[in-house]
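Take a look at the structure below.
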Amino acid sequence: MFFGSPFKDNSIKMMLLGSGELGREVAIEAQRLGIEVIAVDRYDNAPAHLVANRSHTIDMLDHDAVLELIEMEKPDYILPEVEAISISALLEAEKAGYRVIPNAEAVEKTMNRKKIREFASEKLGLKTSAYRFVSTFEELVEAAEEISYPCVIKPVMSSSGHGQSVARSAEDLESSWKKASEARGDASELIVEEFVDFDYEITLLTIRNGEETVFCDPIGHIQRDGDYILSWQPARMSPKALSDAKEMAGRVTEGLGGRGVYGVEFFVKGDDVYFSELSPRPHDTGMVTMATQSQSEFALHVRAVLGLPLGFEKLSPGASAAYKAVSHSQSPTIEVPEWAFGEKSFVRIFGKPVSHPGRRMAVALSTGETIEEAIDRAKSIVSAMSDS
């Protein structure tokens, strides 16, 4: 592998389409290898903008704007980091010879809940919850009655849980419909899912570099309205459940192909494992790997993209807890207690330019002799933080 220098003819160029907190960490890891990073997002001064070699602000749903920027920058690798991107532009760019990670077809499938669910369930035969797709309120009512309550309702395309809700009775459907219509991405069609009475849910980070597929230890997590609140690694699973999860994750990522990190989500009930969702990029619950592994999911993503070896060491049980803003501010300030910067804990501030209630602004990371110790420490740090 030969590495050049940024701004030189021999530089390796990596374009991030989406420059949030996950993209920021990818940019940092790429720059450790002298890669020239171009960060793109829909708003100025996004987290990855602040650490990239160059940044651009465009409407990433605009087909022509995305293609024009790709043609101008001519990146070696294009890394979609959010769902709200013009898929047609990615498909056209790939056809023109640009390398989309993991590949444009995989991005198209995984960023649309309808396509990935049909691919996983109907083509590959993976075990999933019952589901229906609807595009009108009347169809929503019919699907919810057929699947029964409670049921989960999500736009087919959205990010970070936006637009997701649980309807526990017919009276909840109107508010669920309204919430879904306000989500980022494509809310013209919704998925109505059976509510699986699971014991716990996990993310299994599955990494492909073109030669091998490796798995990180399973990550347990708690989500609220589809958005990550707390995660820990390793999650305790029975040998059978873990084996089944790896087999399913291997099959679905092999079917999608390409290079990079896939965040494969599962519901687990005893030894039964249900495929839930999949992201073709580092996963928010995987931020815990910054504390638990010698190579975080972000470092492994960059390695996989470049086709480098994927070896890493497991360091310690750990946990991550998201800090979400409680106030509106055009110049947000995050207050963190000094004791959070200890031997077994640290905090990452994302540097987002604006805060509003519920927006993820930072993450607390911790390690411990046990998972419980790490979880308690991460939760204590977030509880002691504040913003203004």
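The condition of being surrounded by fewer than 17 Cβ atoms within 10 Å (Cβ to Cβ), hydrophobic (A, V, I, L, M, F, W, C) and out of contact with any Phe, Trp or Tyr (no Cβ under 8 Å at 6 or more places or on another chain) holds for only one of ALA39, ALA65, ALA48, that being ALA65.
Being closer than 21 Å to ALA120 by Cβ, modelled with pLDDT of 95 or more and under 16 Å from the mean Cα position of the chain (by Cα) is the filter here, so list the residues in region 221-250 that pass it. Matches in region 221-250: HIS221, ALA249. Among the residues here, ALA104 qualifies as without any contact (Cβ under 8 Å) to a residue 24 or more places away in the chain, among the aliphatic types (A, V, I, L, M) and within 18 Å of GLY258 (Cα to Cα). Looking at region 315-333, can you tell me whether even one residue there is part of a helix (DSSP H, G or I), modelled with pLDDT of 95 or more and more than 26 Å from ASN45 (Cα to Cα)? Taking every residue of region 315-333 in turn, none turns out to be part of a helix (DSSP H, G or I), modelled with pLDDT of 95 or more and more than 26 Å from ASN45 (Cα to Cα). Of the listed requirements (1) surrounded by fewer than 22 Cβ atoms within 10 Å (Cβ to Cβ); (2) modelled with pLDDT under 95, PHE215 misses just one: (2).
Pick from region 161-173 the residues that are surrounded by 20 or more Cβ atoms within 10 Å (Cβ to Cβ) and touching a Lys or Arg at 6+ places or on another chain (Cβ under 9 Å): which of them is modelled with the lowest pLDDT? First the steps, then the outcome.
Residues of region 161-173 that are surrounded by 20 or more Cβ atoms within 10 Å (Cβ to Cβ), as a first pass: 162-165, 167, 173.
Right, trim to touching a Lys or Arg at 6+ places or on another chain (Cβ under 9 Å) and you get 162-165.
Values: HIS162: 77, GLY163: 86, GLN164: 88, SER165: 91.
Across region 161-173, the extreme among qualifying residues is HIS162.
With respect to SER296, is the statement that it is at pLDDT below 95, surrounded by 22 or more Cβ atoms within 10 Å (Cβ to Cβ) and among the small types (Gly, Ala, Ser) true? Taking the combined requirement at face value, the residue does not satisfy it. Total residues in region 200-234 satisfying the condition of being out of contact with any Pro (no Cβ under 8 Å at 6 or more places or on another chain), assigned to a loop (DSSP other than H, G, I, E, B) and under 21 Å from GLU369 (Cα atoms): the figure is 1. Checking ILE12, ILE35, ILE78 one by one, the residue that is over 22 Å from the mean Cα position of the chain (by Cα), within 28 Å of MET361 (Cβ to Cβ) and β-branched (Val, Ile, Thr) is ILE35 and no other.
All of SER176, SER121 fail the test of being surrounded by fewer than 19 Cβ atoms within 10 Å (Cβ to Cβ) and part of a helix (DSSP H, G or I), apart from SER121.
Within region 132-149, residues that are in a helix (DSSP H, G or I) reach partners that are hydroxyl-bearing (Ser, Thr, Tyr) with beta carbons closer than 8 Å, at six or more positions or on different chains, in the pairs LEU140/SER176; ILE147/TYR131. Among residues of region 288-329 being closer than 30 Å to GLY210 by Cβ and of a type in the set (D, E, K, R), the one that is nearest to the chain's Cα centre (by Cα) is GLU297.
Among the listed residues MET248, MET237, identify the single one that is assigned to a loop (DSSP other than H, G, I, E, B) and either within 18 Å of LEU300 (Cα to Cα) or of a type outside the set (Ser, Thr, Tyr) (or both). Break it down into steps so the answer makes sense when it comes.
Values: MET248 fails: assigned to a loop (DSSP other than H, G, I, E, B).
Of MET248, MET237, the one residue that is assigned to a loop (DSSP other than H, G, I, E, B) and either within 18 Å of LEU300 (Cα to Cα) or of a type outside the set (Ser, Thr, Tyr) (or both) is MET237.
Residues in region 1-47 that are among the small types (Gly, Ala, Ser) and in contact with a helix residue (DSSP H, G or I) (Cβ under 9 Å, 6 or more places away or on another chain) were compared, and the one that is farthest from TYR77 (Cα to Cα) is ALA46.
Residues being touching a helix residue (DSSP H, G or I) at 6+ places or on another chain (Cβ under 6 Å) and among the small types (Gly, Ala, Ser): count how many of those fall in region 317-344. Don't jump to the end; show me each part of the working.
So in region 317-344, the residues touching a helix residue (DSSP H, G or I) at 6+ places or on another chain (Cβ under 6 Å) come out as 317-321, 323, 337, 340.
Restricting the remaining residues to those that are among the small types (Gly, Ala, Ser) gives 318-321, 340.
Looking only at that region, the number is 5.
I'd like the full set of residues that are in contact (Cβ under 8 Å) with a residue 60 or more places away in the chain and either surrounded by fewer than 20 Cβ atoms within 10 Å (Cβ to Cβ) or not hydrophobic (A, V, I, L, M, F, W, C) (or both), limited to region 359-370. Walk me through how you get there before you give the answer.
Just the residues of region 359-370 that are in contact (Cβ under 8 Å) with a residue 60 or more places away in the chain, to begin with: 360, 363, 365-367.
Hits for region 359-370 are ARG360, SER366, THR367.
One residue stands out in region 282-293 among those that are in contact with a Phe, Trp or Tyr (Cβ under 7 Å, 6 or more places away or on another chain) and outside any helix (DSSP H, G or I): the one that is surrounded by the fewest Cβ atoms within 10 Å (Cβ to Cβ), namely GLN293.
Condition check: out of contact with any Cys (no Cβ under 6 Å at 6 or more places or on another chain), closer than 21 Å to ARG99 by Cβ, outside any strand (DSSP E or B) and not assigned by TED's automatic domain parsing to the domain that holds PRO309. Does LEU33 satisfy that? Spell out the reasoning first.
Values: out of contact with any Cys (no Cβ under 6 Å at 6 or more places or on another chain): yes; closer than 21 Å to ARG99 by Cβ: yes; outside any strand (DSSP E or B): yes; not assigned by TED's automatic domain parsing to the domain that holds PRO309: yes.
Criteria met by LEU33.
Going through SER121, SER169, SER86 one at a time, which residue ends up being free of Cβ contacts under 8 Å to residues at least 40 places away in the same chain, out of contact with any Asp or Glu (no Cβ under 9 Å at 6 or more places or on another chain), of a type in the set (Gly, Ala, Ser) and on the phi < 0 side of the Ramachandran plot? Quick ask: steps written out before the conclusion?
Details: SER121 fails: free of Cβ contacts under 8 Å to residues at least 40 places away in the same chain; SER86 fails: out of contact with any Asp or Glu (no Cβ under 9 Å at 6 or more places or on another chain).
The match here is SER169.
The values are calculated or read from the model by the stated rules, or taken from the named source; none is laboratory data. Just so you know, these numbers come straight off a predicted model, no measurement behind them. Every residue, glycine as well, gets a Cβ built from its backbone with ideal geometry; the counts of neighbours run over all protein chains shown.
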